[in-house]
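Contents: one structure, followed by commentary.
None of the figures in this text is laboratory data; all of them are computed from the coordinates on show. Note that the structure is predicted; figures quoted are calculated from it, not measured. Glycine also receives a Cβ, built like all others from the backbone with ideal geometry; neighbour counts cover every protein chain displayed.
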Amino acid sequence: ELKVEQNPLFLSMQEGKNYTIYCNYSTTSDRLYWYRQDPGKSLESLFVLLSNGAVKQEGRLMASLDTKARLSTLHITAAVHDLSATYFCAVVLINDMRFGAGTRLTVKP
Amino acid sequence: NAGVTQTPKFQVLKTGQSMTLQCAQDMNHEYMSWYRQDPGMGLRLIHYSVGAGITDQGEVPNGYNVSRSTTEDFPLRLLSAAPSQTSVYFCASTEASGIGGELFFGEGSRLTVL
């Protein structure tokens, strides 16, 4: 059974600092997504990673995928308050997308 | 563009009542799915459909029924609501028959069962 584990589950950062969110999964998959969710809102797609070694960057966020280690990371550079949200990784297994529990990020001034 | 539309946004039920959560998409997507989101557990797949007339169970299907008579609509039915079904429900769709592309989510339906 596919299990997806994210850590940390809660992250409080100061503005301007860097940090990394980790996503480990238990079964081979060649497709991993990162989503952002603001409180009371729906999920917004950030990145889709399709192959080993894939790296995607958008603004202060950079995601990478290591399929051999079954690990994806979401790196935050020089955090700003607007990045405060919950971030989910999700791994695809045929017709099923399994989500991690989410990382609630709070960026403080 | 409307995208994925869910109704209602909020609903309160009593234990044992039935209801249907509606989901419609206007992107001609073949794949549609329902997830529930509970605190600390991410999203869990309830049922999915890869096209009209085809449905299958996800990770947590018990207590829920679905049907897919058209490409556009994918309603989720609770036949006898239980407090354990208190959750936020999201409908999602993608153009691929499997989850090959970006999954588009609706705004969510918050259900409380008393």
Problem - Residues located in segment A:81-96, provided they are more than 14 Å from the chain's Cα centre (by Cα) and crowded, with 23+ Cβ neighbours inside 10 Å - result: none
Completion exercise
Going through segment A:23-52 in order, the residues found to be in contact with a strand residue (DSSP E or B) (Cβ under 7 Å, 6 or more places away or on another chain), more than 11 Å from chain B (Cβ to nearest Cβ) and either of a type in the set (V, I, T) or over 12 Å from A:A90 (Cα atoms) (or both) are A:T27, A:D38, A:N52
Completion exercise
With the first residue restricted to segment A:92-109 and required to be at the interface with chain B (Cβ under 7 Å from one of its Cβ atoms), and the second required to be of a type in the set (D, E, K, R), Cβ contacts under 6 Å at 6 or more apart or on different chains are A:V92/A:R31
Problem - Residues of segment B:61-114 that turn out to be more than 26 Å from B:N28 (Cα to Cα) and among the β-branched types (V, I, T), as a count - result: 3
Practice task
Please find, within segment B:57-114, the residue that is farthest from the other protein chains (Cβ to nearest Cβ) out of those that are in contact (Cβ under 8 Å) with a residue 40 or more places away in the chain and of a type in the set (F, W, Y).
Solution key: B:F74
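Given the criteria free of Cβ contacts under 8 Å to residues at least 40 places away in the same chain, more than 14 Å from chain A (Cβ to nearest Cβ), among the hydrophobic types (A, V, I, L, M, F, W, C) and under 23 Å from B:A2 (Cβ atoms), does B:A24 qualify?
In short, no.
Quickly run through segment A:2-20 and pick out the residues that are at negative phi and part of a loop (DSSP other than H, G, I, E, B).
Within segment A:2-20, A:L2, A:K3, A:P8, A:L9, A:E15, A:K17, A:N18 qualify.
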Handout entry: Considering residues of segment A:1-22 that are within 11 Å of another protein chain (Cβ to nearest Cβ) and of a type in the set (D, E) only, the residue surrounded by the most Cβ atoms within 10 Å (Cβ to Cβ)
Key = A:E5
Handout entry: Single condition B:T15 does not satisfy, out of (1) of a type in the set (S, T, Y); (2) touching a helix residue (DSSP H, G or I) at 6+ places or on another chain (Cβ under 7 Å); (3) free of Cβ contacts under 8 Å to residues at least 40 places away in the same chain
Key = (3)
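Checking the condition closer than 21 Å to A:D38 by Cβ and of a type in the set (G, A, S), which residue from B:G63, B:G40 passes? First the steps, then the outcome.
Details: B:G63 fails: closer than 21 Å to A:D38 by Cβ.
Matching residue, one of B:G63, B:G40: B:G40.
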Problem - Count of segment A:21-53 residues which are of a type outside the set (A, V, I, L, M, F, W, C), at negative phi and outside any strand (DSSP E or B) - result: 12
